[in-house]
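The values are calculated or read from the model by the stated rules, or taken from the named source; none is laboratory data. Remember, predicted model here, so these are calculated numbers, not experimental data. Here Cβ is always computed from backbone atoms with ideal geometry, including for glycine, and neighbour counts include all displayed protein chains.
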Amino acid sequence: MPYLDLIKQSFDIVRHRRYLWFYGLFAGGASFNFQASFPSDSDNGSSSSDSAFSIDAGVVIAIALVVLVLLLVFIALNTISQGALADSVAAERRGEQRGFGAAWRSGMRSFWRVLGLGVIAGVIAFAMLLAVLIPVATSIALVVASTDGAAPIIIAAVAAGIPALIVLIGLFIVLGVTIQLAMRHLVLARAGVFESLRAGWQLLRDNLIPSGAMFLIQQVATFAGSIAIVFAVVLLCLPTIILLIAGAKTVGIVAAILTGLVVIPLGLTAYGALGAFNHSLWTLTYLQLHRPAV
């Protein structure tokens, strides 16, 4: 496995095809968090309380609908981006030049199969979680039922919990690598969900050391890239932080707004580029391990 060559190829593809950064932003695992607080009025009469409850319920429903719509949009963009990145990187590897529109059409073409693979992966992950946690919980419950002392319970929890955690991490790594390879097979070989799962597992089983090494490389690259992004964001925000600490509130607030207008787009762009690099690396790995399929 030419690890350095694959890293260089992935970097070059992402550097020259910047439209992939958009898809990397959504395929890289971005999330949206919403926080809201609702006022309560305990001093009014029963009629005003009923009215407040009615208003609060409407606000809750409206926010829930907005969150649901945004979640569905993100899932759709994430699913499209998975297929778009895999197909576009493979095309670049073949010497073809793609654009944003061609990548979008590729993502739409494999949309339902990629979504199905994600659902199956979630079911498998949940089954793995239950298979490990149920025996651990049962063993701890038996100890709790047989003794009133805290020490035996703590010992049982540690003795059962640590090995279970190690097993769970190992299972999730195996599943994660299998899904990465299976998704590329699904998109590039235009195979079905279960056929792709079998192909991903077979590739991992037959190339355990190269796949494991690439997983470690990808994790290190993600960690280093994330640290670099955070460091750059903190560095850009440092003047604003200093102004606010120094007590220059008005200037600090203006600086914070201006900094946000610069830092947020740059941060999202960098995150998208990192996500595109990771997906490109896995696609090139798949092509290296399974050349006859493409």
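Among the residues of segment 66-85, those that are closer than 24 Å to Gly99 by Cβ and surrounded by 14 or more Cβ atoms within 10 Å (Cβ to Cβ) comprise Phe74, Ala76, Leu77, Asn78, Thr79, Ile80, Ser81, Gln82, Gly83, Ala84, Leu85. Within the set Ala137, Ala131, Ala90, Ala121, the sole residue that is over 30 Å from Asp206 (Cβ atoms) and assigned to a helix (DSSP H, G or I) turns out to be Ala137.
Assessment of segment 93-101 against the conditions (more than 23 Å from Gly200 (Cα to Cα), free of Cβ contacts under 8 Å to residues at least 40 places away in the same chain and in a helix (DSSP H, G or I)) yields at least one matching residue. Please determine whether any residue of segment 210-227 is surrounded by 13 or more Cβ atoms within 10 Å (Cβ to Cβ), at pLDDT 90 or above and not in a helix (DSSP H, G or I). Among the residues of segment 210-227, not one is surrounded by 13 or more Cβ atoms within 10 Å (Cβ to Cβ), at pLDDT 90 or above and not in a helix (DSSP H, G or I), which makes the answer no.
Picking from residues in segment 230-248 that are over 34 Å from the mean Cα position of the chain (by Cα) and either of a type in the set (S, T, N, Q) or surrounded by 11 or more Cβ atoms within 10 Å (Cβ to Cβ) (or both), the one that is modelled with the lowest pLDDT is Ala248.
Within segment 254-263, does at least one residue satisfy the condition of being under 30 Å from Thr178 (Cβ atoms), assigned to a helix (DSSP H, G or I) and without any contact (Cβ under 8 Å) to a residue 60 or more places away in the chain? Scanning segment 254-263 turns up no residue that is under 30 Å from Thr178 (Cβ atoms), assigned to a helix (DSSP H, G or I) and without any contact (Cβ under 8 Å) to a residue 60 or more places away in the chain.
With respect to (1) surrounded by 12 or more Cβ atoms within 10 Å (Cβ to Cβ); (2) more than 22 Å from the chain's Cα centre (by Cα); (3) within 19 Å of His16 (Cβ to Cβ), the lone exception for Ile63 is condition (3). Would you confirm whether or not segment 178-185 contains a residue that is surrounded by 14 or more Cβ atoms within 10 Å (Cβ to Cβ), at pLDDT 90 or above, part of a helix (DSSP H, G or I) and touching a Lys or Arg at 6+ places or on another chain (Cβ under 7 Å)? No, because not a single residue in segment 178-185 is surrounded by 14 or more Cβ atoms within 10 Å (Cβ to Cβ), at pLDDT 90 or above, part of a helix (DSSP H, G or I) and touching a Lys or Arg at 6+ places or on another chain (Cβ under 7 Å).
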